[in-house]
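Remarks on the structure that follows.
Read-outs: derived from the displayed coordinates by stated rules, not from any lab. It should be emphasised that the depicted structure is a prediction, and the values quoted were computed from it without experimental measurement. We place every Cβ from the backbone using ideal geometry, glycine too, and count neighbours over all the protein chains shown.
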């Protein structure tokens with residue numbers, strides 16, 4: 001199937017979802033779109049562009065993306081440096097030509113890069129765990145001595161808790177750093193923040209916030225993808241919700257998954273901002289049609305453009 005398509009001329013809004021055509025999210029958005037808008041799902045990895053005198057064309061898998069359509073980015077697939085740069089540059093070009101893209105390209109770039117996101121949040125005065133970002137074993141070992149241990153080593157690009165390692169032994173840490181340095185990896189090191197068996201995921205959808213506790217999981221990680229359980233948290237403190245909203249606004253994301261944790265002193269910290277957030281487990285836990293909420297956000301924003 002080249003594209004998941006729902007087209008009805010009477011709909012005032014057409015949405016192009018850039019993502020995996022056969023994904024659960026493509027199906028969920030198509031379901032929610034049936035009675036409210038036209039929707040197509042096209043592969044992000046097949047983006048193409050054409051420039052000629054007086055003519056510009058953007059497409060995916062041969063299907064044109066027209067300027068009137070709203071673009072919803074639902075995937076950031078891996079690729080070569082050239083491929084990733086081209087894809088993001090094309091999104092920037094579409095945005096510069098007035099196309100509504102959710103999330104905006106700059107928000108996507110900031111959120112997908114943990115180092116850039118953490119530095120941005122800190123610059124905006126938002127609380128984050130103490131973090132060291134460096135490129136050599138020498139500086140990584142200096143961070144080992146300076147930061148409270150254990151340390152958490154995270155891949156700069158990644159989500160759902162994949163590739164995260166907790167380092168508790170100095171010799172093991174040195175061997176890990178030394179091995180990764182040979183692969184020219186950037187070290188993203190954070191102090192481990194103890195939690196009472198749970199942390200918080202807040203899904204920001206425009207002005208709406210959907211909040212759940214993430215419990216358990218694979219050892220100390222609470223991500224649903226790692227076996228964690230989500231439970232509704234209707235009594236979330238206002239300061240936590242306000243912090244989640246601030247974090248999404250700092251990144252420039254209209255749709256964001258913000259992970260929060262409360263340290264032993266009771267202070268809320270921002271762990272991560274995801275600008276291509278999943279909602280499958282959250283929607284089930286909260287019994288909310290998140291896909292419909294996302295489409296409502298797109299409709300509301302398209303009216304402003």
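Taking the Cβ of each residue in 272, 239 as the centre, tally the other Cβ atoms inside 10 Å and list the residues starting with the fewest.
Lowest to highest Cβ neighbour count: 239, 272.
Tell me, 293, 64 in order of fewest to most beta-carbon neighbours within 10 Å?
64, 293
What share of the DSSP beta bridges in the chain is antiparallel, in percent to the nearest 5? Each step should come with its number before you reach the end.
Details: 47 of 58 bridges.
Here the share of antiparallel DSSP bridges comes out near 80 percent.
Using Cα atoms only, what is the angle between the long axis of helix 114-123 and the major principal axis of the chain, expressed in degrees (0 to 90) to the nearest 10?
The helix 114-123 is inclined about 80 degrees to the chain.
To the nearest 10 degrees, how steep is helix 24-33 against the longest Cα principal axis of the chain, on a 0 to 90 scale?
So the inclination is approximately 40 degrees.
Below 8 Å between Cα atoms, with a sequence gap of 6+, how large is the relative contact order for the range 4-102 in percent? Don't skip to the answer; put the middle values down first.
Working: 156 pairs, mean separation 28.7, N = 99.
That works out to 29 percent.
Using the 10 angstrom Cβ neighbour count as an exposure proxy, how do 258, 270 rank, fewest first? Write down the numbers at each step before the final one.
Values: 258 28, 270 23.
Going from least to most buried by this count: 270, 258.
Round to the nearest 10 and give me the degree value, 0 to 90, for the angle of helix 290-304's Cα axis relative to the longest principal axis of the chain.
Between the helix axis and the principal axis of the chain, the angle is about 60 degrees.
For the range 110-153 and the range 68-93, write down the distance between their C-alpha centroids in whole Å.
So the separation of the two Cα centres works out to 27 Å.
Please say if the range 30-77 is rounded, prolate or oblate, where rounded means a/c under 1.5 for a ≥ b ≥ c the square roots of the C-alpha gyration tensor eigenvalues, and otherwise the choice is prolate for a/b larger than b/c and oblate otherwise?
On the way: a/c = 2.95, a/b = 1.63, b/c = 1.81.
In terms of gyration-tensor shape, oblate.
Rounded to the nearest 0.05, what FRET efficiency do residue 66 and residue 171 have when you use their Cβ-Cβ distance and R0 = 41 Å?
For residue 66 and residue 171, the calculated efficiency is 0.10.
If you compute Rg and Dmax of the Cα atoms in Å for the structure shown, which of [x] 24.9, 83; [y] 20.3, 65; [z] 18.8, 58 do you land on?
[y]
Residue 52 to residue 22: extension gain in nm, 0.36 nm per residue of separation minus the Cα-Cα distance?
Separation in residues times 0.36 nm, less the Cα-Cα distance, equals 7.5 nm.
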